[in-house]
Amino acid sequence: MSHTTLPKIELHMHLEGAAPPAFVRGLAAEKGLRLDGVFDERGHYAYADFNEFLKVYEAATAVLKSPEDYRRLTREVLARAAEHGVIYTESFLSPDFCGGGDVGAWRDYLAAMQEAAAEAEAQDGITMRGVITCIRHFGPDAARPIARCAAETAGDFITGFGIAGAEMVGRPGDYAWAFDCAREAGLRLTAHAGEWGGPDMVADTIRDLKVERIGHGIRAIEDLALVDQLAEDGIVLEVCPGSNVALRAVSSWQAHPIEKLRARGVKVTISTDDPPFFHTTMTHEYDRLADVFGWNEDDFHDLNHVALDAAFCDAPTRAALAKRLDAAR
Ligand SMILES: [Zn+2]
């Protein structure tokens, strides 16, 4: 069966990473920009491994040059997500790509994205919140102005702060200043860890950055004491199985540890990460989970309530979304 119309809560989706190839090609053509090495002969994003993925990601992102480009991108991405039943999405936003970390420039980009999000909410019934992410491989010094952008624009729309990029650069504690700054501004915290790094990276991230959610976190499975700790502390994992398979963080869907983590009591959620890069959608993720692990409508209902409980939104928004999840039963 297909799970297209089932209402879904998504917590981990990078805005630029969700840009459809046709959208990026169209924008490049309008601007007369060349995009060498970004697409394969079928027009898909082309990369062989995680480092190439990051390079292609940044090359594709380079065609996005103005708040208006980001308004159009946001509207496009939300329309595509809504087609797969997503009623709430948290999108990772990177001021590094939107004004280079300058707060004034960032405000202009943010206003454009919020305009698109309001339109999508009215027209497509999808609610978006923004989680500002610093880029790990740009280094700790570069993370500071990004945290300031986040702190300055924290509110109803920008509700969280996190870190993305190459996980094996530095240690989590190197970024503690940025996370402290964001936490003091009232933002809720998540961080990519345990996608490439081992259980120690997950444990250090929780200890040093004091996050309540972990992006991926799948390699926690290599340390069952840590898994039990995650379950006991209620740390939520933003698991993106299609991404993990595409980037070969795991060898196959069958080998993915999500079912073991869930069975041991860890709060797991499902997201697409960078859907067109990984040839996935939320529908595809659900279809595979049903095929491979036998997850049924009850499992998906529980999954979405776990995700909604962990969402970085206010109580009225959460209550309204809960009604929509329950009405679909
Ligand atoms: Zn991610």
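The values are calculated or read from the model by the stated rules, or taken from the named source; none is laboratory data. Every value quoted in this text rests on a predicted model; they were computed, and no experiment measured them. All Cβ positions, even for glycine, are placed from backbone atoms using ideal geometry, and neighbour counts span all protein chains on display.
Structure notes:
- Residue in segment 66-81 that is of a type in the set (Val, Ile, Thr), within 13 Å of Met13 (Cβ to Cβ) and without any contact (Cβ under 8 Å) to a residue 60 or more places away in the chain present: yes
- Segment 12-62: number of residues that are under 18 Å from Gly242 (Cβ atoms) and small (Gly, Ala, Ser): 5
- Cβ separations smaller than 9 Å between residues 6+ apart or across chains give the following pairs from segment 6-26 residues that are within 20 Å of Ala290 (Cβ to Cβ) and outside any helix (DSSP H, G or I) to residues that are away from the ligand (no atom under 16 Å from the Cβ) and acidic (Asp, Glu): Leu6/Glu297.
- Inside segment 252-290, residues that are more than 25 Å from Pro20 (Cα to Cα) and either touching a helix residue (DSSP H, G or I) at 6+ places or on another chain (Cβ under 8 Å) or in contact (Cβ under 8 Å) with a residue 60 or more places away in the chain (or both) make up a count of 13.
- Yes/no for Thr205 being surrounded by 21 or more Cβ atoms within 10 Å (Cβ to Cβ), over 25 Å from Leu54 (Cα atoms) and among the hydroxyl-bearing types (Ser, Thr, Tyr): no
- Criterion: closer than 15 Å to Ala178 by Cα and out of contact with any Asp or Glu (no Cβ under 9 Å at 6 or more places or on another chain) - qualifying residue of Arg148, Arg136: Arg148
- Condition met for Arg318 (surrounded by fewer than 21 Cβ atoms within 10 Å (Cβ to Cβ), among the charged types (D, E, K, R) and closer than 26 Å to Ala231 by Cα): yes
- Residue satisfying condition, being surrounded by fewer than 16 Cβ atoms within 10 Å (Cβ to Cβ) and either within 17 Å of the chain's Cα centre (by Cα) or in a loop (DSSP other than H, G, I, E, B) (or both), within set Leu33, Leu54, Leu78: Leu33
- Flag if Val103 is in the same structural domain as Ala142 (by TED's automatic domain parsing), surrounded by fewer than 19 Cβ atoms within 10 Å (Cβ to Cβ) and touching a Ser or Thr at 6+ places or on another chain (Cβ under 9 Å): yes
- Among the residues of segment 222-241, those that are farther than 18 Å from Gly162 by Cβ, away from the ligand (no atom under 16 Å from the Cβ) and buried (at least 19 other Cβ atoms within 10 Å of the Cβ) comprise Leu226, Val227.
- Scanning segment 261-288 for residues being more than 16 Å from the ligand (Cβ to nearest atom) and either among the basic types (Lys, Arg) or crowded, with 22+ Cβ neighbours inside 10 Å (or both) gives a total of 6.
- Elements of the type helices (runs of 4 or more DSSP H) sitting completely within segment 268-329 and holding at least 3 residues that are in contact with a Ser or Thr (Cβ under 7 Å, 6 or more places away or on another chain): these cover 282-293, 297-310.
- Residues that are more than 16 Å from the ligand (Cβ to nearest atom) and in a helix (DSSP H, G or I) within segment 247-260 comprise Glu259, Lys260, listed in sequence order.
- Considering segment 223-246, and only residues there that are outside any helix (DSSP H, G or I) and within 29 Å of Tyr47 (Cα to Cα), the residue that is farthest from the chain's Cα centre (by Cα) turns out to be Leu237.
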